[in-house]
Structures are given as C-alpha cells and as structure tokens.
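Please treat every number below as a calculation from the coordinates, not as lab data. These figures come from a predicted structure and were not determined experimentally. FYI the Cβ positions are ideal-geometry reconstructions off the backbone, even for glycines, and counts take in every protein chain you see.
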Amino acid sequence: MAITIPVDGYCELTDVNSLAPQRTISSTTKPDDTQAEEMIRWWYAEINMMLARAGYITPMTNIATQLLAGGTIQVSEAVVVDDYLVELKDSTGVLAGRVIKGDLFLFSGDTMYYTVANTVDAVDNLVTVELVPKLRIALTVGLTAAHTPNLAAARHLKRLNALCVAAEAERATFSVATNEESESNIVFEDQKTDLWNAISSGRLTLIGAQRSRKVSPPGSARIERRG
C-alpha cells in the first residue's frame, strides 16, 4: 500500500532508498518494502506527536501553498524600478490561495527571482506581495508573474521521516548478522537527531507551518536514539 503525503507520511520509500542507494529496500530485502512503508507511517505519527509538543499544528498540510489562478497571474498596477510592493491579480478574476515568506516570483521580461518577505492571502482577486530585492525593472499592468511556493518545510520533514526509517531499517538489517550497529546507522541516527534538534529549538524554521497558540519551550520534544 503506497504512502500518501501528508496523510500517512512525509516521505515515500524512494526517499528512504535515496539515503542508502547501495542497499535498496524491496520485496526481497529484510526489512521488505511493506515493512518499510509501515515504518514510514509509524515515524510519521511519532514526528507529528513531537511537532505538536513543540507547538506546531499537525499534520503539516499547509507547507507548500500556492496562488490558485483560473488563468494567469498578472501585475494589476504599474510598478516602477526600485519599488518592492507589487499587487497581483488573476486574468480571469478568481485569484485565491496564499503567498508565504520565502516564496519566489519571476516576472516576464526579467531573469531575476524575487523572494517574498510577507505572508498574505489573496482577497477579491488581489494579493500584494513584498519583494526582496527591490525591482530592477518596471512592471506594467498585465505583465505575467510566475509563483514558486517555498518547499523548505516539506523537504525538511521529508528528510526527517526518511532518516528515521533509514536508521531503523539499517539497524534491523545489520543486527540480524552481528547484533551491532552499522556505520550507516550511526550516521542516520546522528543526522536525524541533529535535524530534529534544529527544528525543535527554533534554529531551523518550518516556513509556512502553522503554530498553535500554546507553544512549548524550545527543546521540550526530542527524538530518542533507540538501541
């Protein structure tokens, strides 16, 4: 049964296998692909509980939002060089969705990617974004804009979920033969712990993720290393 992101996992089996390409989990390995996918689901639940303890609302389904347009996203008001606020609309009048900090915009006629500095929802077919750096070209009404959502949070959670499973799978495989830990397992465990500590301490921000009103002190949720 395949993993559905983010319903029962933040990663897929291919993400786990990409961490250790020299040993691909399949139907003939131990653990096999079915067991590995169950590990993904189990660690997904574990990660969500720890994220909730750290003050995040889970599961994190709003980590790669985008503007939804019936036609094309366009500049709705002319903007001069060195300005940084740009109002956008949809060519068919149905712009919806959200722009979050860290998103990117590319305007026709310019090769520069501009980073969004504010988080804002589209209302009545309009959204005003704050861009960094300031515009290096003038934008005319109707100029096309391409929106690229920030996927940093999704990628971090994908890697965290994959590392948890890779460490467990590697430990299970290696312990069958020697009852010891492999070097790969130690690396996976260390990377898993480092990534979670960065998230739970606030050193690494999950851009776009929603926080609950009650936030636990940083470091109150941890992934424990299991022998």
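Remark: region 142-159, residue by residue, has Karplus-estimated 3J(HN,Hα) of x, 4, 6, 10, 9, 9, 10, x, 7, 9, 4, 4, 4, 5, 5, 5, 4, 5 Hz, where x stands for each Gly or Pro and the curve is 6.51 cos²θ - 1.76 cosθ + 1.60 at θ = phi - 60°. Going by the alpha-carbon gyration tensor, a ≥ b ≥ c the square roots of its eigenvalues, is region 1-133 rounded (a/c under 1.5) or, if a/c is not under 1.5, prolate (a/b greater than b/c) versus oblate? Prolate.
Computed from the Cβ-Cβ distance with R0 of 30 Å, the FRET efficiency linking Val94 to Ser18 stands at 0.20. The radius of gyration of the Cα set in region 1-55, together with its Dmax, comes out at 12.2, 40 angstrom. For Arg203, Arg23, Arg159, the sequence from fewest to most other C-beta atoms within 10 Å is Arg203, Arg23, Arg159.
If R0 is 41 Å, the Cβ-Cβ spacing of Glu183 and Thr4 corresponds to a FRET efficiency of close to 0.80. Residue exposure proxy: Arg171, Arg53, ordered by other Cβ atoms within 10 angstrom of their Cβ from fewest to most, comes out as Arg53, Arg171.
Multiply the residue separation of Leu106 and Glu130 by 0.36 nm, subtract the distance between their alpha-carbon atoms, and state the gained length in nm to one decimal. The partial results should precede the final answer.
Working: separation 24, 0.36 × 24 = 8.64 nm, distance 1.33 nm.
Extra length from Leu106 to Glu130 when fully extended: 7.3 nm.
Over the chain, the fraction of Cα-Cα pairs per 5 Å bin, rounded to whole percents and listed from the shortest bin up, is 1, 7, 13, 15, 13, 11, 10, 10, 8, 6, 3, 2, 1, 0. Per-residue Cβ neighbour counts within 10 Å put Met50, Met112, Met39 in the sequence Met112, Met50, Met39, beginning with the fewest. The alpha-carbon of Lys101 sits under 28 angstrom from the alpha-carbons of these lysines, leaving out residues fewer than 8 places away in its chain: Lys89, Lys134, Lys158, Lys192, Lys214.
The orientation-averaged projected area of the convex hull spanned by the Cα atoms of region 67-148 comes to 4.3 nm².
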